[in-house]
Amino acid sequence: MSKRVAILISGSGSNMVALAESMVGDHPARPCLVLSNTPQASGLAKARAMGIETAVVDHRPFKGDRAAFEAVLHETLRAAAPDLIALAGFMRVLTGDFVRQYEGRMLNIHPSLLPKYKGLDTHARAIAAGDTEAGCTVHEVTAELDDGPILGQARVPILPGDTPATLAARVLPMEHTLYPAVLRRVCLGMRAPIMLP
Ligand code: GRF
């Protein structure tokens, strides 16, 4: 039986689209839900256009009460009965208590070569540091932010004159290759990290 994958987004959802488009044919998984923490996420319409069920759990009414937000998030996910959860540009920090409920079953993509540049503004920080390469990482989500076991990385050069925007535009297509490749491997029980290209 196919594994069920819930994909959590906050924005344009290009990684979500790459994941969803990969889950066809003999792929061992299918998307069961695309969930956003904001109704404005343009990825929601893309998911609906692909025939994927969508849900919104808006974090704003829960301001100051992260536990209440996560309780609704958990209920909404539970209704979709996912085997795996893929965070794909999901811009809320999840608590350790929440993450532990999905130990080993939640993946994230982060736009840096972890362990470098956890958190935000990764491309600006890589350029400011004078790095010659950047990239992206897919990892298991653990209680520590951007810190779980690495499942795959893809590298790109940082070129003279790069800005955070030009670098992001070079990294994003690599994300779209890496994340589906790792998801497929994880669905098949393979967790040894892959390195691209
Ligand atoms: C990606 O760069 C992801 O790594 C980062 O936010 C961006 C989301 O892009 N955390 P999208 O919503 O998948 O298009």
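Looking across the stretch 155-164 at every residue that is touching a residue at least 24 places away in the same chain (Cβ under 8 Å) and in a loop (DSSP other than H, G, I, E, B), the one that is most open to solvent (accessible area, probe 1.4 Å) is identified as 163.
Residues that are at pLDDT 95 or above, within 16 Å of the ligand (Cβ to nearest atom), basic (Lys, Arg) and buried (at least 17 other Cβ atoms within 10 Å of the Cβ) do occur in the stretch 45-67. Listed by first and then second residue, the pairs linking a residue in the stretch 83-98 that is hydroxyl-bearing (Ser, Thr, Tyr) to a residue that is more than 14 Å from the ligand (Cβ to nearest atom), with Cβ atoms under 8 Å apart and 6 or more places separating them unless they lie on different chains, are 95/66; 95/67; 95/70; 95/143. The set of residues in the stretch 80-125 being open to solvent by 40 Å² or more (accessible area, probe 1.4 Å) and of a type in the set (A, V, I, L, M, F, W, C) consists of 81, 91, 93, 120, 124. Among the residues examined, residue 10 qualifies as surrounded by 17 or more Cβ atoms within 10 Å (Cβ to Cβ) and small (Gly, Ala, Ser).
Contact annotation: residue pairs with Cβ atoms under 6 Å, 6 or more positions apart or on different chains, pairing a residue in the stretch 165-189 that is farther than 16 Å from residue 108 by Cβ and modelled with pLDDT of 95 or more with a partner that is of a type outside the set (Phe, Trp, Tyr) and near the ligand (Cβ under 10 Å from one of its atoms), are 167/123; 168/123.
Every residue, every condition in (1) of a type in the set (S, T, N, Q); (2) closer than 28 Å to residue 197 by Cα; (3) in contact with a Pro (Cβ under 9 Å, 6 or more places away or on another chain), yes or no:
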| position | (1), (2), (3) |
| --- | --- |
| 77 | no, no, no |
| 101 | yes, no, no |
| 117 | no, yes, yes |
| 124 | no, yes, yes |
| 140 | no, yes, yes |
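Within the stretch 127-154, the set of residues being surrounded by fewer than 24 Cβ atoms within 10 Å (Cβ to Cβ) and of a type in the set (Ser, Thr, Tyr) comprises 132, 142.
Consider residue 15 carefully, then state whether it is touching a residue at least 12 places away in the same chain (Cβ under 8 Å) and more than 10 Å from the ligand (Cβ to nearest atom).
On the way: touching a residue at least 12 places away in the same chain (Cβ under 8 Å): yes; more than 10 Å from the ligand (Cβ to nearest atom): no.
It is false that residue 15 is touching a residue at least 12 places away in the same chain (Cβ under 8 Å) and more than 10 Å from the ligand (Cβ to nearest atom).
The residues on offer are 167, 178, 172, and the sole one that is assigned to a helix (DSSP H, G or I), out of contact with any His (no Cβ under 9 Å at 6 or more places or on another chain) and open to solvent by less than 20 Å² (accessible area, probe 1.4 Å) is 178.
The values are calculated or read from the model by the stated rules, or taken from the named source; none is laboratory data. Please read these numbers as outputs of a predicted model, since none were measured by experiment. FYI the Cβ positions are ideal-geometry reconstructions off the backbone, even for glycines, and counts take in every protein chain you see. Areas reflect the complete protein model, heavy atoms only, side chains present, ligands, DNA and RNA absent. Shrake-Rupley method; radii C 1.70, N 1.55, O 1.52, S 1.80 Å.
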